[in-house]
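Novice: After the structure tokens below, expect a handful of questions from me.
The values are calculated or read from the model by the stated rules, or taken from the named source; none is laboratory data. These figures come from a predicted structure and were not determined experimentally. Methodologically, a virtual Cβ is constructed for each residue, glycine included, from the backbone with ideal geometry; neighbour enumeration extends over all protein chains shown.
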Amino acid sequence: MEETKISTIMPKTPGKRNTPTRSQVWQYITCDIDAKVARCNICNKTMKYTGGTTNLRYHLTASHQMQEFEVSGPSARVYKEGGEWKTGRRVRTIKSGPTFRVGGSPSSKSSSRGHNVAMPSTSASGTIAKITCGPERSKFIHSHVVMLLAQSLLPVSMVEDEGFIRFIQEMEPGYPMLGKKVAQSMLMGKYEEAQEKLKICLNKDAKNFGLVYEIWTGHDKNNYLTVTIHYLTHQWNRESWVLGTDRVSTKPSTTEINMCIRNLISQYQLSLESITAVVNRQGILKVTQINKVGEALLCDSMSCATEKLEHCVSMALLLPSVKVVVEGAAKMINYFLHNEDPNEKLNKAKAESKLNIELQDYNKSSWLGIADMLQKVLALQDEIESVKAQDEKNQLMYLHDWEGVAQLVHSLQILKAALTVLGDQKSGSVACVLPVVHSMLQHCEGREDDGSMLSEFLTVIAKEVREKWDLNAIMPSSVTMLSALLDPRFKQLKFIADDDKLDVIDALKQLVVANHATANHDSEDSATNSVSPFLCLFGEDEFNSKPETTDAEVTTYLSYPPLSRDMCPLDWWRMNQGKFPELSKIARCYLAVPAVVQSWSDIITGSSKMDMKRALLDVDTAGPLIFLNKNWSILS
């Protein structure tokens, strides 16, 4: 620490003016020498730069109250409170405060333009110059520290962590570190501001919506319930916001969960009748309990499709014949990764084949990780076999059942594709559930049972899928069935019998009639009274004409050709909502309900980063931090 207090003032030379080789202003000013322009990093004001720093020091003194930058000398201008600049000698006094390092001047040969170089600053007397961060700059950094806590979901106590304090002081010398109480107060201010903005946003766009609720455990071993709202805007864009987090008991009852959800709904002045369905990560809840939550809220209730599919595949991977193949591949990968000579030979073989594929470690916690591991092994089959031919000594460490690996990889890739469709952020919704389940069953049950490893694997998956989704109990008026009919990709309902299709279509017609009867058409009537001059003169063309009745509206919709499976249904409804005014309202309700709860990164890794971060949060600030983490964009 003592070494940093060495003065940078050069020895006095007769007849030559001696000045420091670094100026303190470059910590707050960025300079472009070619353009002869300097910009303040605090307020972004642009100033002239002609080689000196006097005008820059005037700016820091007057605009940001940094008195340590006052210019001394007979020609110095001193800023008075009345706003007038006066010329006169001013003796500069060194302020007390922490020491800091400043950037190099633009004329320094050892530094790049606009980049800071750490150097100790000194006063004219050779002592270390000490400054404090200006109030505007401090406020700016305060807000960004709070933003860091929210967006990275970090505990508020981090602001008192020694390592974090050192980091901030190194980046911003002289900054008065934000205390935990102040940070918590600022966080609560942002939380209340975001709540008010979210209330306005939801009352404007969230006419109908789906809810997702999760129960997770904090570091205090207590359970918490977080509720997220999902809806489609009038422009058919997906939106999701966290409504809030409440503490619940160790084994929460249906009544307790129901009351928490109702309280959050009423807090934002939303109606229970607007809930289309609720989706849950099952966790500690039983299936019967999940269904009762939906019944209490007068809507459909379902579990996360990802969670169900993960259970189905995990059960199949536990088969002894399948475990032999998977563990055999894992042992071979471990052999290559931890033995230098075989690894070098494999890398050489990959280079000759121009393959850029790396073997992946065995991840037991994620079936997607197992699928990727086997796929990469299969892609390197020829290269591995070429190394095996050169290494007969360790032949037992190589994989023998390549055919079994190929069959398993094919089936796992189909299941992975099903998961991708369900979890697609734009086009994925509860409308995809029944078509995806039907496709999986077709793959699993569409082959003869020959007693092979693959037959056992697919049989278990088919059995678990039918049990988890309970297909026989799905009603024609359920959200999963009607949403599939309202998705132009799946409206032909190929996954059910023709007689059952008629029941689903009748259920949709009844829903359209009921929705039309209860809707308030005052605003729509006033809009329809004003007819476009073009329509008044030419009339509506046959292609764009609206059906005269709600029943005809459904019939016309079904007569349109289905949308390509890889297209987005929301784009189709955005273009055609004018032709189906009543039907589009219902489609906006049903297609908003998500099929999965977890993020794609959590699905791939088999563990939730959100759960791990939430478990570290302080009890008092967990709710506001989770709220701001998801909803920070609403503040802008």
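Novice: What is the number of the single condition among (1) out of contact with any Lys or Arg (no Cβ under 8 Å at 6 or more places or on another chain); (2) surrounded by 13 or more Cβ atoms within 10 Å (Cβ to Cβ) that Glu403 does not meet?
Specialist: Looking at each condition in turn, Glu403 falls short on (2).
Novice: List pairs: first in the range 299-322 and in contact (Cβ under 8 Å) with a residue 40 or more places away in the chain and within 10 Å of Ile461 (Cα to Cα), second among the acidic types (Asp, Glu) and buried (at least 19 other Cβ atoms within 10 Å of the Cβ), Cβ under 7 Å, 6+ apart or cross-chain?
Specialist: Short answer, once both residue conditions are applied: His311/Glu464; Cys312/Glu464; Met315/Glu464.
Novice: Moving to a separate point now. Hey, among the residues in the range 317-371 that are among the β-branched types (Val, Ile, Thr) and farther than 29 Å from Gly423 by Cα, which one's surrounded by the most Cβ atoms within 10 Å (Cβ to Cβ)?
Specialist: Taking the candidates together, the pick is Ile333.
Novice: For Gly423, which of the numbered conditions (1) within 21 Å of Leu563 (Cβ to Cβ); (2) modelled with pLDDT under 90; (3) surrounded by fewer than 19 Cβ atoms within 10 Å (Cβ to Cβ) fails to hold?
Specialist: The single condition Gly423 does not satisfy is (3).
Novice: Can you find a residue that is buried (at least 18 other Cβ atoms within 10 Å of the Cβ) and modelled with pLDDT under 90 anywhere in the range 550-569?
Specialist: Yes, the range 550-569 contains a residue that is buried (at least 18 other Cβ atoms within 10 Å of the Cβ) and modelled with pLDDT under 90.
Novice: For Ala514, work out the one condition from (1) buried (at least 17 other Cβ atoms within 10 Å of the Cβ); (2) small (Gly, Ala, Ser); (3) more than 17 Å from Leu591 (Cα to Cα) it doesn't fulfil.
Specialist: Here Ala514 clears every test but (1).
Novice: Taking only the range 291-303 into account, find how many residues are over 28 Å from the mean Cα position of the chain (by Cα), outside any loop (DSSP other than H, G, I, E, B) and not charged (D, E, K, R).
Specialist: 2
Novice: Within the range 160-206, work out how many residues are in contact (Cβ under 8 Å) with a residue 40 or more places away in the chain and in contact with a Phe, Trp or Tyr (Cβ under 8 Å, 6 or more places away or on another chain).
Specialist: 12
Novice: Is the range 449-470 home to any residue that is modelled with pLDDT under 95, farther than 30 Å from Asp401 by Cβ and surrounded by 15 or more Cβ atoms within 10 Å (Cβ to Cβ)?
Specialist: Checked against the condition, which is being modelled with pLDDT under 95, farther than 30 Å from Asp401 by Cβ and surrounded by 15 or more Cβ atoms within 10 Å (Cβ to Cβ), the range 449-470 yields at least one hit.
Novice: Next up: Out of Ser439, Ser455, Ser427, which single residue is in contact (Cβ under 8 Å) with a residue 12 or more places away in the chain and either over 23 Å from Arg489 (Cα atoms) or not in a loop (DSSP other than H, G, I, E, B) (or both)? So that I can check it myself, show each step before the final result.
Specialist: Values: Ser455 fails: in contact (Cβ under 8 Å) with a residue 12 or more places away in the chain; Ser427 fails: either over 23 Å from Arg489 (Cα atoms) or not in a loop (DSSP other than H, G, I, E, B) (or both).
Being in contact (Cβ under 8 Å) with a residue 12 or more places away in the chain and either over 23 Å from Arg489 (Cα atoms) or not in a loop (DSSP other than H, G, I, E, B) (or both) holds for just one of Ser439, Ser455, Ser427, which is Ser439.
Novice: If I go through the range 160-208 residue by residue, how many of them are surrounded by 15 or more Cβ atoms within 10 Å (Cβ to Cβ) and closer than 30 Å to Gln235 by Cα?
Specialist: Of the residues in that region, 11 qualify.
Novice: While we're looking at this one, here's another question. Quick one: would you say Ile284 is closer than 30 Å to Ser240 by Cβ, at pLDDT below 90, assigned to a helix (DSSP H, G or I) and outside the structural domain of Ala406 (by TED's automatic domain parsing)?
Specialist: no
Novice: Sticking with this structure for a sec: Asp449 is checked against (1) within 25 Å of Cys589 (Cα to Cα); (2) assigned by TED's automatic domain parsing to the domain that holds Val405; (3) not in a helix (DSSP H, G or I) and fails just one. What number does that condition carry?
Specialist: All conditions are met except number (1).
Novice: Given the conditions (1) more than 27 Å from Glu467 (Cβ to Cβ); (2) at pLDDT 95 or above; (3) small (Gly, Ala, Ser), report the number of the one that Gly210 does not fulfil.
Specialist: The number of the failed condition is (1).
Novice: Any residue at all in the range 184-205 that is farther than 22 Å from Leu616 by Cβ, in contact with a Pro (Cβ under 9 Å, 6 or more places away or on another chain) and basic (Lys, Arg)?
Specialist: Within the range 184-205, not a single residue is farther than 22 Å from Leu616 by Cβ, in contact with a Pro (Cβ under 9 Å, 6 or more places away or on another chain) and basic (Lys, Arg).
Novice: Also, I was wondering about something else. Note down all Cβ pairs under 8 Å where the first residue falls in the range 358-384 and is within 15 Å of Tyr335 (Cα to Cα) and of a type in the set (S, T, N, Q), the second is at pLDDT below 90 and surrounded by fewer than 20 Cβ atoms within 10 Å (Cβ to Cβ), and they're at least six residues apart or on different chains.
Specialist: Gln360/Gly369
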